[in-house]
1. Under 17 Å from the 7 Å Cα→Cβ point of Asp78, by amide nitrogen: which residues of the stretch 105-121?
2. Let me spell out the model: positive unit charges on the Cβ of Lys and Arg, negative unit charges on the Cβ of Asp and Glu, origin at the Cα centre of the chain. What dipole size does that give, in debye rounded to 20?
3. Could you give the angle, 0 to 90 degrees to the nearest 10, between helix 92-105's Cα long axis and the longest principal axis of the Cα atoms of the chain?
4. If you take the square roots of the eigenvalues of the alpha-carbon gyration tensor of the stretch 130-220 and sort them as a ≥ b ≥ c, do you get rounded (a/c under 1.5), prolate (a/b over b/c) or oblate?
5. Tell me which of Asn88, Leu163, Ser104 sits at the most positive position along the dipole axis of the chain, charges placed on C-beta atoms (Lys, Arg +1; Asp, Glu -1).
6. Sort 168-174, 65-71, 100-106, 77-83 by the packing proxy (mean of other Cβ within 10 Å over each peptide's residues), most packed first.
7. With a cut-off of at most 14 other beta carbons within 10 Å, and DSSP calling the residue loop, which chymotrypsin sites (Phe, Trp or Tyr not before Pro) in the stretch 78-141 qualify? Please list them.
8. Suppose R0 equals 25 Å. What FRET efficiency, 1/(1 + (r/R0)^6) with r the Cβ-Cβ distance, do Asp136 and Tyr206 give to the nearest 0.05?
Amino acid sequence: MTIGQALRKIRQNLDLTQKEMAANIVTRPFYAKVEAGKSRISADKLAAILFEHDVDITYFYQLLRATYTSKQKKIESDLNNKMEQAFNVGKIDEIESCYQEILSQSHSKILKLRAMISVAYLKNKLNQIDPKIKKDLFIEFNEGQNWMTNPELLRLFTNTMPLWEQDTLAFFINRLLNEMKSNKNISELEQERYLRVFENYLAVCYNRKLSLNCQIKCNS
């Protein structure tokens, strides 16, 4: 779906005329050309229209994703979904097959790492992960700040949880909790990402049969 098509869909859902949708931010004739794909709208004008009508920005960009995502990005997104589905049902043969596809088709180092660790986890061979890889990951999560806000690195952290001793894992989780506490402008999408991380942490602790009240010690 193009920007114009997405705007038309939202306008129709809101039961607005083109003039009402334009809201004096742009002229109605110009807005009509945007919907028809005959004119481009600037980012600030587009944002102003969306905010004027309380349109969820995440929803709007989801409408555009298929049109504006590169071919390679689509391939990697499909491979990621396939890998996660295989992992969630514990199908080792399927995730191994997906891992081979990722190695041959993906350009993403992070996706390759996630797939490798997922295979090792399902096959109970985490102890065979190259120590250098584990060391590099520890440095990333221990010294870097980017992983707590980067969606791909957050997914990588989630996949690597079983690699870490419990004290180390609890330390990383506490850092993430403190990051959330100090950030007053966390979006709903970011909150959802963090909740998935914490859900996975609970699952890891459950599998290790641990008492959580001894593991999370977020500073007040």
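Every number here is computed from the coordinates shown, using simple stated rules; none is lab data. Computed from a predicted structure; not experimentally measured. Cβ: placed from backbone, ideal geometry, glycine included. Neighbour counts: every protein chain shown.
1. Answer for this model: 105-108.
2. Computed about the Cα centre, the dipole is about 400 debye.
3. That helix lies at roughly 60 degrees to the long axis.
4. oblate
5. Ser104
6. 168-174, 77-83, 100-106, 65-71
7. Qualifying residues, ordered by number: none.
8. For Asp136 and Tyr206, the calculated efficiency is 0.35.
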